[in-house]
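The values are calculated or read from the model by the stated rules, or taken from the named source; none is laboratory data. This one's a predicted model, so the numbers in the text were calculated from it and none came from an experiment. Heads up, the Cβs are rebuilt from the backbone with ideal geometry, glycines too, and the neighbour counts pull from every protein chain shown. Heavy atoms of the whole protein, side chains included, go into the accessibility calculation; ligands, DNA and RNA do not. Shrake-Rupley method; radii C 1.70, N 1.55, O 1.52, S 1.80 Å.
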Amino acid sequence: MISPIERKKVSEQVLDELKRMIKDKEFPPNSKLPSENELAGMFGVSRSPIREALRVLQAGGMVESRQGGGSYVREVNLANMLDPVTFDFIHIDQVYELLEMRTVVETEAASFAAMRRTEDELEAIRKALDLFAEKMEDETSVGSEADFAFHHEIVKASGNRFLLQSVEGLRGLYERALTFSLKQNVGLARKRQQIYEEHVKIYEAIERQDEKAAAYYMKRHLINARIKLGDKRINPMKESMD
């Protein structure tokens, strides 16, 4: 029986070829990759699939953006290989889908948390927020674990065990997707401050037990994340909640 021919997205084909070129040292460790325009010309494609492929390589730890511009091939050592993200490359579409699910689940969870939270639960959310603030001030920190902790405490405060189990069951995927997303802002102080301020507004709404505001700011936060990552399934002009 003949197997069906696999049709890969252009970005996946570009990703596979770039990984091969890095592995074969056509782009050796610490070398600067060609610009997006140059890579687009090399592969005969637009810049969009090039950008998607580079995002996956960055999330996987094979490529890094450096101050002054440009993407560089990282020298992979044993410490890098212990990072689960290096083993399991994340495709941008998976990040989009997870953020879409989070928008549905966490918007309601924030509303429930505002209505039901106890003082102890509010304090736990506050501590997670303070830790996230510390990570955002450290320009070398990604902050994904602190980000997960903040959202996790909110879901705990929702008082719905099934929502909590859903989030905890996906913890590994959550943290990998958060790492992917937050890595885009490492070294960008203004963007990191904006993300922190979005968290503050969610916390303040829960603190004053304003369920509508809590849902609004959570949805705004997650939709903004999707827009920044280029999710084409939402209309930035229609969905942006800035």
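So here's what we get for this one:
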{"item": "Kirkwood Rh, Cα atoms: Rg over Rh of segment 103-167", "result": "1.02"}
{"item": "Rg/Rg_globular for segment 14-59, with Rg_globular taken as 2.2 N^0.38 Å and Rg from C-alpha atoms", "result": "1.05"}
{"item": "Peptides ranked, highest mean first, by Cβ atoms within 10 Å: ranges 163-170, 48-55, 99-106, 62-69", "result": "48-55, 99-106, 163-170, 62-69"}
{"item": "Cross-link pairs beyond the 27 Å C-alpha cut-off, checked among LYS135/LYS228; LYS156/LYS232; LYS135/LYS201; LYS19/LYS219; LYS191/LYS219", "result": "LYS156/LYS232; LYS19/LYS219"}
{"item": "Per residue, in Å², the accessible surface of segment 10-80 once ligands and nucleic acids are set aside, probe 1.4 Å", "result": "54 Å²"}
{"item": "For peptides 11-23, 35-47, sequence by mean Cβ density within 10 Å, most packed first", "result": "11-23, 35-47"}
{"item": "Added length on full extension, which subtracts the Cα-Cα distance from 0.36 nm per residue, GLN13 to ARG171", "result": "54.0 nm"}
